[in-house]
Amino acid sequence: MQGSLFELDLKAKHLAKEFIRAEAQLVNILMTMKAQRAFIALGYTGIYNYCLHALKLSESQSYYFKVVAE
């Protein structure tokens with residue numbers, strides 16, 4: 001049992017690092033897209049709308065990325 005808990009702990013920590021890395025990359029991309037007004041060109045009203053509909057993120061995640069990227 002202890003071995004499996006240790007493995008789960010390692011996996012969770014690894015996934016958290018990947019998540020943080022991916023989150024930072026996504027914020028950078030969204031900021032670049034905002035600067036280039038890409039959302040309008042793609043038919044979205046802004047970051048929130050793009051995250052919600054194009055990226056299929058939840059409302060709370062879309063709001064978070066909107067706030068962080070702006």
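The values are calculated or read from the model by the stated rules, or taken from the named source; none is laboratory data. For clarity, every value in this text was computed on a predicted model and none was experimentally measured. No Cβ is skipped: glycine too gets one built from the backbone with ideal geometry, and neighbour counts run over all protein chains shown. Keep in mind that these areas ignore ligands, DNA and RNA; they rest on the heavy atoms of the full protein, side chains included. Shrake-Rupley method; radii C 1.70, N 1.55, O 1.52, S 1.80 Å.
Taking the Cα centre of the chain as the origin and placing charges on Cβ (Lys, Arg +1; Asp, Glu -1), which of ILE47, PHE19, SER4 is farthest toward the positive end of the dipole?
ILE47
Hey, with R₀ at 25 Å, roughly what FRET efficiency would GLU59 and ALA35 work out to, going by the Cβ-Cβ distance, to 0.05?
Between GLU59 and ALA35 the formula returns 0.55.
Taking the chain as the reference, fit the longest principal axis to its C-alpha atoms, fit the long axis of helix 2-35 to the helix C-alpha atoms, and give the angle between the two in degrees, 0 to 90, nearest 10.
Tilt of helix 2-35: around 10 degrees.
Share of the chain's accessible area from carbon and sulfur, percent, 1.4 Å?
61
Give the Kirkwood hydrodynamic radius (Å, one decimal) of the chain, defined as one over the mean of 1/r across all pairs of different Cα atoms.
Evaluated on the chain, it is 13.5 Å.
If you count only protein heavy atoms with a 1.4 Å probe, what accessible area per residue comes out for the stretch 1-47, rounded to a whole Å²?
Value returned for the stretch 1-47: 82 Å² of accessible area per residue.
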